[in-house]
1. Any residue in region 65-79 that is at pLDDT below 90, hydrophobic (A, V, I, L, M, F, W, C) and closer than 30 Å to Leu157 by Cβ?
2. Which condition number in (1) more than 18 Å from the chain's Cα centre (by Cα); (2) over 24 Å from Arg74 (Cα atoms); (3) surrounded by 15 or more Cβ atoms within 10 Å (Cβ to Cβ) is the one that Thr194 fails?
3. Those residues that are surrounded by 19 or more Cβ atoms within 10 Å (Cβ to Cβ) and either in contact with a Ser or Thr (Cβ under 6 Å, 6 or more places away or on another chain) or of a type in the set (S, T, N, Q) (or both), I need them from region 38-57; list them, please.
4. Which pairs turn up if I take residues in region 50-74 that are under 11 Å from Ala140 (Cβ atoms) and of a type outside the set (A, V, I, L, M, F, W, C) and look for partners that are crowded, with 23+ Cβ neighbours inside 10 Å and modelled with pLDDT of 90 or more with beta carbon separation below 6 Å, at least 6 apart in sequence or on another chain?
5. Name the residues in region 1-31 that are surrounded by 16 or more Cβ atoms within 10 Å (Cβ to Cβ) and not in a helix (DSSP H, G or I), would you?
6. Determine which member of the set Val149, Val141, Val158, Val162 is β-branched (Val, Ile, Thr), touching a helix residue (DSSP H, G or I) at 6+ places or on another chain (Cβ under 7 Å) and without any contact (Cβ under 8 Å) to a residue 24 or more places away in the chain.
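The values are calculated or read from the model by the stated rules, or taken from the named source; none is laboratory data. Note that this is a predicted model, so its numbers are computed, not measured. Ideal geometry is used to build each Cβ from the backbone, glycine not excepted, and the neighbour counts take in all protein chains shown.
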Amino acid sequence: MGLREQKKRDTRIALSWAAIRLTVDRGFDNVKVDDIAAEVGVSPRTFNNYFSSKAEAIAARHFERAARIADELRARPSGEPLWEAISNAVLIGAPLDTKAEDSHPDARWVAGVRLMTEHPALQGEFLKAAMAAEQELAAAVAERTGTDVVRDLYPRLVAGTVGAAISASTDLWLRISPPTSYSELLRDALDQVTRGLPAPTA
């Protein structure tokens with residue numbers, strides 16, 4: 001990636017993070033595009049060059065995580081077993097934020113994220129981002145396994161399974177009491193998937 005492309009990607013990520021932080025702090029309806037742009041130190045016009053709405057900016061973080069996971073998977077050693085490589089790639093690329101990684105995450109942050117993800121204006125954008133994220137990961141899985149993302153089920157099934165593990169971990173993290181580390185939940189989900197989802201013991 002050239003310097004210009006990296007700068008554009010950094011700006012896009014910064015705008016997405018700013019949108020998330022402000023929304024968690026103030027509530028989705030109390031955040032304007034001007035606020036997000038000011039937080040990053042760019043103009044509203046620059047914001048509009050990257051996103052069509054604040055909802056799209058927030059949901060973009062989900063796709064960025066998937067892109068990072070795909071990049072990490074491509075970088076894993078070729079001799080590493082597939083699901084071990086996927087688990088390592090996800091644990092490196094999928095963390096939400098330092099406030100989610102602690103054993104005792106910030107309760108206010110968790111509550112704000114929960115309200116944000118439940119907002120009707122965001123749910124459609126999150127769904128679109130999830131679909132794009134799954135395609136990105138499926139492409140990386142296809143490259144690693146020598147399959148075809150267009151003609152074969154396998155890379156799509158793997159990507160969908162990984163997406164479900166991330167989604168389930170995130171949803172549980174937002175609601176579990178007492179609060180727990182997101183990374184711990186994600187590691188547990190990936191471990192269960194890797195073992196073929198054996199039935200829980202009594």
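1. yes
2. (2)
3. Within region 38-57, just Ala57 meets the criteria.
4. If the second residue must be crowded, with 23+ Cβ neighbours inside 10 Å and modelled with pLDDT of 90 or more, the pairs left are Glu72/Ala89; Arg74/Ala140.
5. Listed by number, the list holds a single entry, Val31.
6. Val149
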